[in-house]
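Chemist: Let me give you the structure first, and then I'll get to my questions.
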Amino acid sequence: MPVNSSLPHDWFSISDVREKIRATPEALTRALNATQARVGFELARDVRVVPPSELPRKPGLSTEEGQARLLHDLASIELQALELGVRTLEQFPEAPSAFREELAEVTAGESRHLGLCLDGLEALGYSWGHWNVHTSLWNVVSDRDSLLDRILIVHRYLEGSGLDAGESMLARLKGVRNPHPKPIVQTILNEEVDHVAFGSRWYKQIATEMKLDLSLDFEARIRSIASVAPHRERLAYDRRRAAGFTDDELTILARFSPHGG
């Protein structure tokens, strides 16, 4: 498919994270109006990117440093989610218009979540870039993905894992008195349920239109994704059900969880 050359400025080349947030509404408008699929995406960062294994050990959440590190890591994840949303819009202009409009709203939400994390980080006396970051979420997707691949990878697997991690974060923050981290994590977690539900609805609609066996297709795709992005957290069953996961899907996911669900 030809590259969309109508964009005079590549939003992905913006490295300053605050500038990227400010430029997101225009980027979403441009992406929604794109008529040609884009291939080839490169991220820009104003912080050092390293493999997750090279990130320093996380301090405990009883310290402000540990709370700041949590928000910094969460900001990095929200930034990648934001970029993945814009990428999907630019890569699949032929997707149903209702899907694209909903995805633009979801992506705008990721931008707002990123801003919340940055604000909370600064309220704790730290700044973006205090620690290195990874781009593991971004690296799971590919220009070879189909639309169904992308929906499952990003909105059901990666963001679904975010529901599990968010519930774990809230449990660990339960005794923390600092007013900054917990409301941010709670807000993001609550709204991410809707983001994952968006993926659940569209995955099932498109797979049904393609006459796929939903159970077999889901298990095959999850097996493939889990081989490159292992699931680490205990499943948040109630939140996942609220986000459109069936009991059969949760049983399949539990097979790939180190906790067995």
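Chemist: Residues of segment 142-160 being surrounded by 23 or more Cβ atoms within 10 Å (Cβ to Cβ) and either of a type in the set (D, E, K, R) or over 28 Å from A37 (Cα atoms) (or both), which ones?
Modeler: Correct list: R156, E159.
Chemist: Hey, can you tell me all the residues within segment 53-68 that are in contact (Cβ under 8 Å) with a residue 60 or more places away in the chain, surrounded by 14 or more Cβ atoms within 10 Å (Cβ to Cβ) and either outside any helix (DSSP H, G or I) or hydrophobic (A, V, I, L, M, F, W, C) (or both)?
Modeler: L55, L61, A68
Chemist: Are there any pairs with C-beta distances below 6 angstrom linking a residue in segment 98-119 that is touching a residue at least 12 places away in the same chain (Cβ under 8 Å) and small (G, A, S) to a residue that is part of a helix (DSSP H, G or I) and crowded, with 17+ Cβ neighbours inside 10 Å, with the two at least 6 apart or on different chains, and if so which?
Modeler: Between residues of segment 98-119 that are touching a residue at least 12 places away in the same chain (Cβ under 8 Å) and small (G, A, S) and residues that are part of a helix (DSSP H, G or I) and crowded, with 17+ Cβ neighbours inside 10 Å, the close pairs are A104/L28; S111/I21; S111/T24; S111/L82; G115/I21.
Chemist: Just to check your reading of the model, which residue among G199, G244 is buried (at least 17 other Cβ atoms within 10 Å of the Cβ), in a helix (DSSP H, G or I) and touching a helix residue (DSSP H, G or I) at 6+ places or on another chain (Cβ under 6 Å)?
Modeler: Only one candidate qualifies: G199.
Chemist: Consider only pairs whose beta carbons are under 8 Å apart and that are at least six residues apart or on different chains; among these, list those whose first residue lies in segment 20-35 and is more than 25 Å from V47 (Cβ to Cβ) and assigned to a helix (DSSP H, G or I) and whose second residue is among the small types (G, A, S) and modelled with pLDDT of 95 or more.
Modeler: Cβ pairs passing all conditions: L32/A104.
Chemist: Then there's this: Among the numbered conditions (1) touching a residue at least 12 places away in the same chain (Cβ under 8 Å); (2) in contact with a Lys or Arg (Cβ under 7 Å, 6 or more places away or on another chain), tell me where L214 comes up short.
Modeler: Looking at each condition in turn, L214 falls short on (1).
The values are calculated or read from the model by the stated rules, or taken from the named source; none is laboratory data. All values derive from a computational prediction rather than experimental measurement. Cβ: placed from backbone, ideal geometry, glycine included. Neighbour counts: every protein chain shown.
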